[in-house]
Structure formats: structure tokens, C-alpha cells
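Have a look at the structure below before the remarks.
The values are calculated or read from the model by the stated rules, or taken from the named source; none is laboratory data. On a predicted model such as this, the values are computed, not experimentally measured, just so you know. Virtual Cβ from ideal backbone geometry, glycine too; neighbours counted across all protein chains shown. Please note that ligands, DNA and RNA were not included when accessible areas were found on the heavy atoms of the full protein model with its side chains. Shrake-Rupley method; radii C 1.70, N 1.55, O 1.52, S 1.80 Å.
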Amino acid sequence: MIEVIKGTLLLSGAVFMLLAAVGVLRLPDLLTRMHATTKAAALGVSLVMVAVALHFAEVAVVARAFGVIVFILMTAPVAAHVIGRAGYFVGSRLWSGTVKDELRPNYDPLTHELKSGLETEANARRRPREDDPD
Amino acid sequence: MDAVIKLSLALMGLALCLAFVRLIKGPSLPDRVVALELFSTLIVGIIGVISIHTDVASFLDVTIVMALMAFLAAIGFARFLERGGPRDD
């Protein structure tokens, strides 16, 4: 029984990783490629690690396997966010079929400034508080 | 079980090849960074499968180090890109 569960987890993890690689090869621009790799690959690794925990079934190994899962689930979104942000600022082109780019009307790539369109003189002025460090 | 392990290793190897194609082709540096990150995730999976195959649990320590290094490399690359270092895509 446990062999069957292990085999299913291993195979589905491998298939998810293969899907992530197909996505990174076939999708048209940087953000869609990241959408393929971060989610599918993290799920694939998590399934493989659950299979490892089932295989050994010792406290130390299970703890380490779940540590890997938690670490990957915590770092994959952070890394994807950082790379996507850097890619947008560097000016990687979006796919020609992109429907909406909400950053484009508000972001000035020359001055690297972001505006909401709601600024006034009053709320742009600095109002120091008493517990400010300087 | 042996066949399942061989099949999943083959699938992950194929995935590594596909990611490598993107690493070679990738039109810009961020695309290559994404492919490299996928590499490290695939290697973590492969090491997990191999630790089942060989029955050596110590390989899991290697996966932890691998995931940590991939995260730090992604952060470093992103900082490099945003600071605008010299690039030759």
C-alpha cells in the first residue's frame, strides 16, 4: 500500500516538474515563464519530499523533508517577486497579447518613480512626528 | 518501485534538458535566471529521488543547502539587475 502511495507521489511530482520545464520553454514572456516555474516546480518538489518522508518514516528524516518543503514554499514566491520586479525595471518586453499592465501608466522608467495620480501639495509634504529617529 | 524511480528520474532529466534549452536561448538575462532557478528546484527533486533509490537519508542535507543557495543566487541576480551592472545578454 505504502509503495503505491510513494510511487504515485514520485510520478506526479516528476510530471509537475516536467510541466514546469515545458512551460518555461514554451510560454512567451518572462512573467508567464515565472508563473510556470514557481508554482509547478514547488508543487513537484513538495510531492517528492512527501514521498521521501513516507519512504524513510523516521523522525529526523521527516523533519528534514518537511523543512525542505516549508523552505521552498517560503522562498519561491519571494525569489519570483524579486526577479519579476527586476525584469520589469530592466525593461523585458511583455507578450504582445498582454491585456493589462497596471504599472505602465503610473511608473516612470526614467526617474524610477511610482505615482498614484492622487498626490496633492498637502499630502506630499513631510510631517515629522515626535518619535521619528532624526 | 524500481521502474517508478527510473521513470521519474527520466522525466526530471528531460525537464532539465528543456530548462537548459531555455537557458541557452533565453532572450534576456532575467529569463536565464528563471531557468537557473528551475534547474536548482529540479536538482532538489532529483536528489530526493536518489535518496529513496539508495536508501541514504543524508542526501536530504544536500537538498537543503541546494535550495538555500538557489534562493540566495536569485536574490543576488535580482539586485545585480536592478543596480544596473554591466550586462551582455
Chain pair B, A: total accessible area buried, heavy atoms, 1.4 Å probe, Å²: 3900
Helix-only CD estimate at 222 nm, as mean residue ellipticity for the protein assembly as shown, using -39500 (n - 2.57) per DSSP H run (n ≥ 4): -24500 deg cm²/dmol
With all protein chains modelled, accessible area of A:HIS35 [1.4 Å, Å²]: 100
Percent carbon-and-sulfur accessible area, chain B, ignoring ligands, DNA and RNA, probe 1.4 Å: 72
Cα long-axis angle, helix B:2-25 against chain B (0 to 90 degrees, to the nearest 10): 10
³J(HN,Hα), Karplus 6.51/-1.76/1.60, whole Hz, each residue of region A:112-120, x for Gly, Pro: 6, 10, 10, 10, 8, x, 10, 6, 10
Estimated inter-spin distance, B:VAL65 and A:THR32, nm [label 7 Å along Cα→Cβ]: 3.9
Order of exposure, largest accessible area first, which applies to B:THR54, A:THR37 with probe 1.4 Å: B:THR54, A:THR37
Heavy atoms of B:LYS6 accessible to a 1.4 Å probe, total area in Å² rounded to 10: 130
Pairwise label distance in nanometres, B:LEU14 with A:LYS100, each label 7 Å out on the Cα-Cβ vector: 3.7
Accessible surface ranking that places the most exposed of B:ILE43, A:ILE72 first, with a 1.4 angstrom probe: B:ILE43, A:ILE72
Residue-normalised accessible area of chain A, expressed per residue, 1.4 Å probe, Å²: 64
Computed FRET value (nearest 0.05) for A:ILE5 with B:ILE50, which takes r as the C-beta separation and R₀ as 22 Å: 0.70
On Cα atoms only, tilt of B:59-83 relative to the major axis of chain B in degrees: 10
Accessible surface, region B:2-83, averaged per residue in Å² (probe 1.4 Å): 46
Full-stretch length increase - B:ALA73, B:SER58 - with 0.36 nm per residue and alpha-carbon distance subtracted: 3.0 nm
With eigenvalues of the C-alpha gyration tensor scaled by 5 and rooted, chain A, Å: 42, 24, 9
Rounded percent of accessible protein surface that carbon and sulfur make up, region A:2-114, 1.4 Å probe: 68
Qualifying lysines (Cα of each under 23 Å from Cα of A:LYS6; at least 8 residues distant if same chain): A:LYS39, B:LYS6
Axial C-alpha extent at least 24 Å, average Kyte-Doolittle at least 1.6 - helices from chain A (DSSP): A:2-26, A:59-90
Inter-chain Cβ neighbour average for residues A:90-100, partner chain, 10 Å: 2
Region B:2-83 shape via C-alpha gyration tensor axes, a/c threshold 1.5: oblate
Calculated FRET efficiency for the pair A:LYS115/B:ILE24, C-beta based, R₀ 30 Å, to 0.05: 0.15
Ranked order, A:VAL82, A:VAL24, B:VAL21, A:VAL4 - accessible area, probe 1.4 Å, largest first: A:VAL4, B:VAL21, A:VAL82, A:VAL24
